[in-house]
Amino acid sequence: MGLPRRAFEALDEPLLTAILEGMAEETDPVLTEAWENLLANSLAEETTEVRRGFPAIMRRLDPRDARLLEHWAKDATEKTFRVELHTPAPDERDGPTLGNLTALGLLQPHRRLPTTLGAIDDGAATITGYSISELGWAFLQACRASSRPN
């Protein structure tokens, strides 16, 4: 790999182990690049924080999950990532993808609750859109090339 010894000494060993194991098992090119960026960002000084939980999140991502998350985040900035995403509207087959990204805490659903005078029916809530969560934004930054703008 050609990384200097000091880079490995400065890194949290369980984090390094989890990243290297994940990289070794991945075959999808999009996810392989994300693993490589996660490793590079964890070794770089003064860059995005790479948290110990990020390798576990990466292992649970399907390539389709990663592509949809990146597609929705491509134009987002530090100031706009929390904006509710209405377009592109996911097709019906994206239900498992949206469910997984939400379960991982990377997306946050926006719900509309029907109300009547004096009552809110939480059981009849509908999801009107999604936004990238704080965790999702931090994860995206850690999995992107460090030269990429926020």
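Restricting the search to the range 48-84, which residues are touching a residue at least 24 places away in the same chain (Cβ under 8 Å), closer than 13 Å to ALA142 by Cα, not in a helix (DSSP H, G or I) and not aliphatic (A, V, I, L, M)?
THR48, GLU49, ARG51, ARG52, listed by residue number.
Residue-by-condition table, conditions (1) surrounded by fewer than 14 Cβ atoms within 10 Å (Cβ to Cβ); (2) modelled with pLDDT under 90; (3) touching a Phe, Trp or Tyr at 6+ places or on another chain (Cβ under 6 Å); (4) β-branched (Val, Ile, Thr):
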residue	(1), (2), (3), (4)
PRO29	yes, no, no, no
GLU33	no, no, no, no
ASN37	no, no, no, no
GLU49	yes, yes, no, no
MET58	no, no, no, no
LEU61	no, no, no, no
ASP65	no, no, no, no
HIS71	yes, yes, no, no
THR80	yes, yes, no, yes
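For the range 82-118, give me each residue that is at positive phi and either open to solvent by 50 Å² or more (accessible area, probe 1.4 Å) or at pLDDT below 80 (or both).
GLY118
List the pairs whose first member sits in the range 22-47 and is in contact (Cβ under 8 Å) with a residue 12 or more places away in the chain and part of a helix (DSSP H, G or I), whose second member is of a type in the set (Lys, Arg) and open to solvent by less than 50 Å² (accessible area, probe 1.4 Å), and whose Cβ atoms are under 9 Å apart, counting only residues at least 6 apart or on separate chains?
ALA34/ARG144; ASN37/ARG144; ASN41/ARG144
Could you tell me which numbered condition ALA142 fails, if it satisfies all but one of (1) modelled with pLDDT under 90; (2) of a type in the set (A, V, I, L, M); (3) closer than 18 Å to GLY22 by Cβ?
(1)
The values are calculated or read from the model by the stated rules, or taken from the named source; none is laboratory data. From a predicted model like this one, the values you see are computed outputs, not experimental measurements. All Cβ positions, even for glycine, are placed from backbone atoms using ideal geometry, and neighbour counts span all protein chains on display. Remember, those area values only see protein heavy atoms, side chains included, never the ligands or the DNA or RNA. Shrake-Rupley method; radii C 1.70, N 1.55, O 1.52, S 1.80 Å.
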